[in-house]
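The values are calculated or read from the model by the stated rules, or taken from the named source; none is laboratory data. Bear in mind that the values here come from a model prediction, so they are computed numbers and not experimental data. As a convention, Cβ positions derive from the backbone with ideal geometry for all residues, glycine included, and neighbour counts pool all protein chains shown.
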Amino acid sequence: MNGTRKSDLIRRLGIHPEAFRRSAGNWQLYAAVTGSAVAMATGATAAVIAGEADTHGADTNVLGARANPAGSQNLAILRAAGLAKTTPATGAPSISPNGIVPLYGTINTIQPGEWVSIYGTNLAASTEIWSGDFPQTLAGTSVTINGKSAYLMFVSATQINLQAPDDTATGSVSVVVTTATGSVTSGVTLNQYAPSFSVAETSGGVQFVSGIILRSNGSGAYGGGTYDVLGPTGKTLGYPTVAAKAGDTVELFAVGLGPTTPHVLAGQPFSGAAPIDTNSPLTLYINNIVVNPSFVGISRPGGTVR
């Protein structure tokens, strides 16, 4: 991985360089956080801005200095490394109003098995990231959703990223965050679908969905020539990206696109391909044109669309 892309990944994950060096995940960890999707582009000449129930936002800082409440469009996956630095919690934890959302999402509705963010204060005693082992406690913090333990990926005083546990329930359920200084209960809606595209960057007021263009001829700038990063051609986003053109095979990153067959268990490593159920109501648009994806499903824990 070149230095520019690695730096962007560090910013995306909201971790300090030291923490990144300790983590073995690198790009694979990012893929596990976001899931992936592949579709044939049919006339897209810039970013792919599309979705099952529309795209939820992220702000100019990809890591989501989430200063606004969940109703804002200004969300993203994690806080920037500088913002993630935190002092130990000095009081009981609290959760922001409507502060439980899918990664990059804005809606207080999540899907079992999906990657989720919780925003608030005093949520953890320190900033910690998992080792890819799906811990149920991290930095002294644990979370339950509808009474079931969640799997923590990242914790800080102001943000938790986790994988929601499996559950057959739907409707309003309780979320409990417990730390050494106390606990707090809030609510969230469980649903079969809670879609949220990952956002690479926002540039010039335009949000760019996170994705790659697969290169079977070895001409890509990344992965030993196997892919280019999707975005405006050039370095508008701070690292080399390429705009998709008609006929390109594009892989997008998203979570919460619905149940799969076979079911992929939450809290366990997974690689392969588990497509979403054939009756799932997913429609993908590229440049306002309906596209029939070649695959939509899970290829990494937490949700995948191809």
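Does ASP228 meet the test of being of a type in the set (D, E, K, R), more than 17 Å from the chain's Cα centre (by Cα) and within 25 Å of LEU123 (Cβ to Cβ)?
no
Which residue out of ALA80, ALA84, ALA76 is modelled with pLDDT under 95, among the hydrophobic types (A, V, I, L, M, F, W, C) and surrounded by fewer than 19 Cβ atoms within 10 Å (Cβ to Cβ)?
Working: ALA84 fails: surrounded by fewer than 19 Cβ atoms within 10 Å (Cβ to Cβ); ALA76 fails: surrounded by fewer than 19 Cβ atoms within 10 Å (Cβ to Cβ).
Being modelled with pLDDT under 95, among the hydrophobic types (A, V, I, L, M, F, W, C) and surrounded by fewer than 19 Cβ atoms within 10 Å (Cβ to Cβ) holds for just one of ALA80, ALA84, ALA76, which is ALA80.
Out of all the residues in the stretch 141-154, which are over 14 Å from GLY99 (Cβ atoms) and part of a strand (DSSP E or B)?
THR141, SER142, THR144, LYS148, SER149, TYR151, LEU152, MET153, PHE154
Is it the case, given these coordinates, that VAL206 is surrounded by fewer than 17 Cβ atoms within 10 Å (Cβ to Cβ) and either over 22 Å from the mean Cα position of the chain (by Cα) or more than 22 Å from TYR193 (Cβ to Cβ) (or both)?
Yes: the conditions hold for VAL206.
What is the number of the single condition among (1) within 30 Å of VAL209 (Cα to Cα); (2) more than 15 Å from the chain's Cα centre (by Cα); (3) at pLDDT 95 or above that VAL155 does not meet?
If we test VAL155 against (1) within 30 Å of VAL209 (Cα to Cα); (2) more than 15 Å from the chain's Cα centre (by Cα); (3) at pLDDT 95 or above, just (2) comes out false.
Have a look at THR202, THR189, THR179 and point out the one that is within 23 Å of ILE107 (Cα to Cα), β-branched (Val, Ile, Thr) and at pLDDT 95 or above. Steps first, answer last, please.
Values: THR202 fails: at pLDDT 95 or above; THR179 fails: within 23 Å of ILE107 (Cα to Cα).
Selected residue: THR189, the only one of THR202, THR189, THR179 that is within 23 Å of ILE107 (Cα to Cα), β-branched (Val, Ile, Thr) and at pLDDT 95 or above.
Given (1) of a type in the set (Asp, Glu); (2) surrounded by fewer than 18 Cβ atoms within 10 Å (Cβ to Cβ); (3) at pLDDT 50 or above, where does ASP54 come up short, assuming only one miss?
(3)
Residue check, LEU123 against (1) in contact (Cβ under 8 Å) with a residue 60 or more places away in the chain; (2) part of a loop (DSSP other than H, G, I, E, B), all met but one. Which one?
(1)
Of all residues being outside any loop (DSSP other than H, G, I, E, B) and under 16 Å from the mean Cα position of the chain (by Cα) in the stretch 247-274, which is farthest from TYR151 (Cα to Cα)? Just the residue, please.
Applying the filter and picking the extreme gives GLU251.
Got a number for residues in the stretch 124-161 being more than 25 Å from ALA254 (Cβ to Cβ) and among the hydrophobic types (A, V, I, L, M, F, W, C)?
The qualifying residues number 4.
Can you name the residue in the stretch 160-184 that is part of a strand (DSSP E or B) and either in contact with a helix residue (DSSP H, G or I) (Cβ under 8 Å, 6 or more places away or on another chain) or free of Cβ contacts under 8 Å to residues at least 24 places away in the same chain (or both) and is also surrounded by the fewest Cβ atoms within 10 Å (Cβ to Cβ) among such residues?
GLY171
Does the stretch 225-246 contain at least one residue that is outside the structural domain of GLY113 (by TED's automatic domain parsing), on the phi > 0 side of the Ramachandran plot, modelled with pLDDT of 90 or more and in a helix (DSSP H, G or I)?
Yes, the stretch 225-246 contains at least one residue that is outside the structural domain of GLY113 (by TED's automatic domain parsing), on the phi > 0 side of the Ramachandran plot, modelled with pLDDT of 90 or more and in a helix (DSSP H, G or I).
Which ones in the stretch 241-262 are touching a residue at least 24 places away in the same chain (Cβ under 8 Å) and surrounded by fewer than 17 Cβ atoms within 10 Å (Cβ to Cβ)?
Matches in the stretch 241-262: LYS245, ALA246, GLY247.
When you look at VAL290, is it at pLDDT below 85, of a type in the set (A, V, I, L, M, F, W, C) and either in a loop (DSSP other than H, G, I, E, B) or outside the structural domain of THR170 (by TED's automatic domain parsing) (or both), yes or no?
no
Residue by residue, here is whether (1) over 14 Å from the mean Cα position of the chain (by Cα); (2) in the same structural domain as GLN207 (by TED's automatic domain parsing); (3) under 13 Å from GLN268 (Cα atoms) holds:
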| position | (1), (2), (3) |
| --- | --- |
| VAL101 | no, no, no |
| THR106 | no, no, no |
| VAL116 | no, no, no |
| ALA124 | yes, no, no |
| LEU138 | yes, no, no |
| ASN146 | yes, no, no |
| PRO165 | yes, no, yes |
